[in-house]
1. Do we find that T237 is surrounded by 12 or more Cβ atoms within 10 Å (Cβ to Cβ), over 25 Å from S139 (Cβ atoms), free of Cβ contacts under 8 Å to residues at least 40 places away in the same chain and of a type in the set (S, T, Y) in this structure?
2. Go over the candidates W261, W180 one by one and state the one that is at pLDDT 90 or above, part of a helix (DSSP H, G or I) and within 27 Å of D123 (Cβ to Cβ).
3. State all residues of the stretch 160-180 that are aromatic (F, W, Y) and under 17 Å from G149 (Cβ atoms); if no residue qualifies, say none.
4. Pairs only if they're at least six apart or on different chains, beta carbon under 7 angstrom, first in the stretch 57-71 and without any contact (Cβ under 8 Å) to a residue 24 or more places away in the chain and closer than 14 Å to V113 by Cβ, second surrounded by 13 or more Cβ atoms within 10 Å (Cβ to Cβ) and among the hydrophobic types (A, V, I, L, M, F, W, C); list them, first residue then second.
5. From the list T109, T87, T93, exactly one residue is free of Cβ contacts under 8 Å to residues at least 24 places away in the same chain and either in contact with a helix residue (DSSP H, G or I) (Cβ under 8 Å, 6 or more places away or on another chain) or polar (S, T, N, Q) (or both). Which is it?
6. Return the residue satisfying two criteria in turn: it lies in the stretch 260-283 and is exposed (fewer than 14 other Cβ atoms within 10 Å of the Cβ) and in contact (Cβ under 8 Å) with a residue 40 or more places away in the chain, and of such residues it is nearest to F26 (Cα to Cα).
7. Confirm whether S150 is part of a loop (DSSP other than H, G, I, E, B), farther than 28 Å from F63 by Cα and touching a residue at least 12 places away in the same chain (Cβ under 8 Å).
8. Consider F173 carefully, then state whether it is within 13 Å of I31 (Cβ to Cβ), part of a helix (DSSP H, G or I), touching a Leu at 6+ places or on another chain (Cβ under 8 Å) and touching a residue at least 12 places away in the same chain (Cβ under 8 Å).
Amino acid sequence: MKETKTWKMIIAGICSLIAVMGISRFAYTPIISFMEKQAHIEDDLAGYLASSNYLGYLLGAFFIGFMTIKNREKILHHCLFFNVLSTLCMGLTSYIFLWFPLRFIGGFTSAIVFVLASSIVLDYLFQSNKVMLGGMIYSGVGIGIIFSGSFAPLFNSIWNWQGAWIGLGLISFSLAILVWKWLREDSRHTIQQPKSTIQATSYRKNDLFWLILAYGFEGFGYIITGTFLVTIVERITLSPFYASCSWIIVGIAVIPSSYLWSTVARKYGPTRALISAYMLQSSRGKIN
């Protein structure tokens, strides 16, 4: 019975990240080219829409980071609902002024669900002495990217760009049902941070500043090509097929990445692992 509960929690965590990250946040990447061709949006507008989503994600991360959350499960379920709704509504309106708040809401709720789903599942696994399984939930990001890269062109070919949003939104809704049913926080599995831990880490606030700064530069370095990757590949190759495949390849690479880098961090230390990851990512531009 406990084993079943463990796997339900892991699957629910994966499903939540598929919905809010792989679809809500990253489905925009393969859909941009459809919207530019069919809704006649320009590159600058596409960039502003992406920025609206990322601003929402940034503020959502700050919000959840500084707020004291008493009922994580309830907030997660509500935010997941609005996240799925924002994805669906993108395909239900052609009014540009409505796209901006929808993408903002999608980003804001994505950050909250990402943090809460991770913390609830990892807390449960920690108390169940199965913390090594925790990295599995982050495969949801890669699976979601594969979903968006595979289904967006399919739905677009049937119902145009609006159908792509609606179709992916319905997939998110079906996944959300599993999350609402299986991702339940047990008060017995809520971890209270010991006072000694807080005192031991307080002097490292300066290190945290530099870590956040490095993470911010890393995000700035990848997010432009990450957002417009499909559009860039399509314009270079003149092949929508190759463009879609490029995004699917990204998803395939993301799935094992959390396990890979956690293994590197355990063997060589987190600092060396981070530096190696950043250097590998920065070398991408030189290879191109």
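1. Details: surrounded by 12 or more Cβ atoms within 10 Å (Cβ to Cβ): yes; over 25 Å from S139 (Cβ atoms): yes; free of Cβ contacts under 8 Å to residues at least 40 places away in the same chain: yes; of a type in the set (S, T, Y): yes.
Yes: the conditions hold for T237.
2. W180 is the lone residue from the list that is at pLDDT 90 or above, part of a helix (DSSP H, G or I) and within 27 Å of D123 (Cβ to Cβ).
3. Selection gives W161, W165.
4. No pair meets every condition.
5. Step by step, each of T109, T87, T93 is checked, and only T93 is free of Cβ contacts under 8 Å to residues at least 24 places away in the same chain and either in contact with a helix residue (DSSP H, G or I) (Cβ under 8 Å, 6 or more places away or on another chain) or polar (S, T, N, Q) (or both).
6. Only one residue fits best here, namely Q281.
7. Numbers: part of a loop (DSSP other than H, G, I, E, B): no; farther than 28 Å from F63 by Cα: yes; touching a residue at least 12 places away in the same chain (Cβ under 8 Å): yes.
So S150 fails the test.
8. For F173, the condition - within 13 Å of I31 (Cβ to Cβ), part of a helix (DSSP H, G or I), touching a Leu at 6+ places or on another chain (Cβ under 8 Å) and touching a residue at least 12 places away in the same chain (Cβ under 8 Å) - is not met.
The values are calculated or read from the model by the stated rules, or taken from the named source; none is laboratory data. Since this is a predicted model, take the numbers as computed values, not measurements. A quick note on method: Cβ atoms are made from the backbone with ideal geometry, for glycine too, and the neighbour counts reach across all protein chains shown.
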